[in-house]
Amino acid sequence: MNLPENVALLQCLDLKRLLGDNEEKILKQVSESPFLLEPLNSEELKRIYDRAATNSEPEEKTELGLSKDSSIADHETKSDKRMQLRENVINDLIHELNDCVKSFDACLEQQAEESTKAKEQDEKAVQETATATEKESKNLRSKRRPSEPVPEEPESSHIPDVNAPSGPAAARATTRAASRKQTSQDEEKTSLKKFQNAILPVLDNISNHRFGAPFSHPVNRKEAQDYDSLIYYPQDLRTIKNMVREGTLTTAEEVYREVLRVFANCKMYNGGDTSSAMSIWGDECFRFTGELFEMYKQASIKR
């Protein structure tokens with residue numbers, strides 16, 4: 001069984017302990033559960049329910065004289081299987097979160113490489129333009145007075161001859177380079193401002209989720225004194241918003257990676273206890289975050 005089916009199986013087992021053999025009610029609650037990773041059709045749900053029933057039914061005793069200790073051992077074995085299933089599901093979820101983080105890291109590295117290459121190409125083009133302009137200026141000065149030697153100028157000065165015809169050309173080239181640089185900086189500022197105006201409301205929506213309050217600010221170390229010993233990279237939504245405003249995070253992928261870190265830290269610290277309020281809230285907000293960023297991605301593509 002895959003991860004979504006294992007999650008559904010775990011919910012079936014929990015519901016059977018509460019509702020007994022009420023198949024219709026169990027299947028209805030599982031199909032409407034907010035914890036499902038993906039929708040399951042009726043055939044898949046029925047198969048998962050049958051699997052849960054097999055795991056939870058006591059084995060038929062065909063031999064006489066079975067002791068009470070044997071029944072207890074069977075019960076403990078089934079509990080161990082259930083705990084193992086729960087542990088496997090938690091490990092798979094953590095593995096998927098780590099894969100997401102690695103995928104975003106790879107995308108960021110690729111973007112950084114492309115940005116570096118583009119910057120190097122721009123610098124090379126500017127250098128080539130400056131070299132060509134300087135060469136043209138020297139040629140024009142040497143043709144100005146063929147009968148008189150042209151005094152050598154210190155190589156380090158690079159001061160253009162104001163009387164030479166090349167002066168205006170060099171000035172125009174310098175002006176164009178400065179104009180391009182200023183235009184590029186203005187475009188970057190405008191692009192960053194548009195990104196901030198679009199992504200900050202997404203983060204506000206996560207903070208305003210009915211379970212989003214605990215993730216909207218740093219963890220209180222007085223309430224969780226062992227937090228720093230378990231979590232190496234703490235993160236919260238308020239800090240992420242400040243990083244966006246300061247220009248530290250400039251892409252949706254960077255922001256999404258940091259938000260994932262918030263809920264991964266929650267899972268790491270609180271463990272996989274589904275009865276834990278923080279675990280439930282973290283799972284709800286994690287799913288809500290994925291939906292928001294998917295909508296943001298689709299909207300960005302349409303623009």
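Residues in the range 1-24 that are in contact (Cβ under 8 Å) with a residue 24 or more places away in the chain and part of a loop (DSSP other than H, G, I, E, B) were compared, and the one that is surrounded by the most Cβ atoms within 10 Å (Cβ to Cβ) is Met1. Kindly establish whether Cys107 is at pLDDT 75 or above and surrounded by 12 or more Cβ atoms within 10 Å (Cβ to Cβ). Yes, satisfied. Here Val262 meets each of (1) under 16 Å from Phe293 (Cβ atoms); (2) hydrophobic (A, V, I, L, M, F, W, C); (3) out of contact with any helix residue (DSSP H, G or I) (no Cβ under 9 Å at 6 or more places or on another chain) with one exception, condition (3). Scanning the range 25-75 for residues that are of a type in the set (S, T, N, Q), at pLDDT 75 or above and either over 30 Å from Phe211 (Cα atoms) or not in a loop (DSSP other than H, G, I, E, B) (or both) returns Gln29, Ser31, Ser42, Thr54. As a summary of the residue check, Arg86 satisfies the conditions (1) of a type in the set (Lys, Arg); (2) under 25 Å from Phe211 (Cα atoms); (3) at pLDDT 80 or above except for the one numbered (3). Counting only helices (runs of 4 or more DSSP H) wholly contained in the range 165-275, the ones carrying 2 or more residues that are over 30 Å from Asp92 (Cβ atoms) occupy 166-207, 237-245. Among the residues of the range 212-236, just one is exposed (fewer than 12 other Cβ atoms within 10 Å of the Cβ) and small (Gly, Ala, Ser), namely Ser229. Scan (1) modelled with pLDDT of 90 or more; (2) over 16 Å from the mean Cα position of the chain (by Cα) for the single condition Ser276 breaks and write down its number. For Ser276, the exception is condition (1).
The values are calculated or read from the model by the stated rules, or taken from the named source; none is laboratory data. Just so it is clear, the structure is predicted and the values come from calculations on it, not from any experiment. A quick note on method: Cβ atoms are made from the backbone with ideal geometry, for glycine too, and the neighbour counts reach across all protein chains shown.
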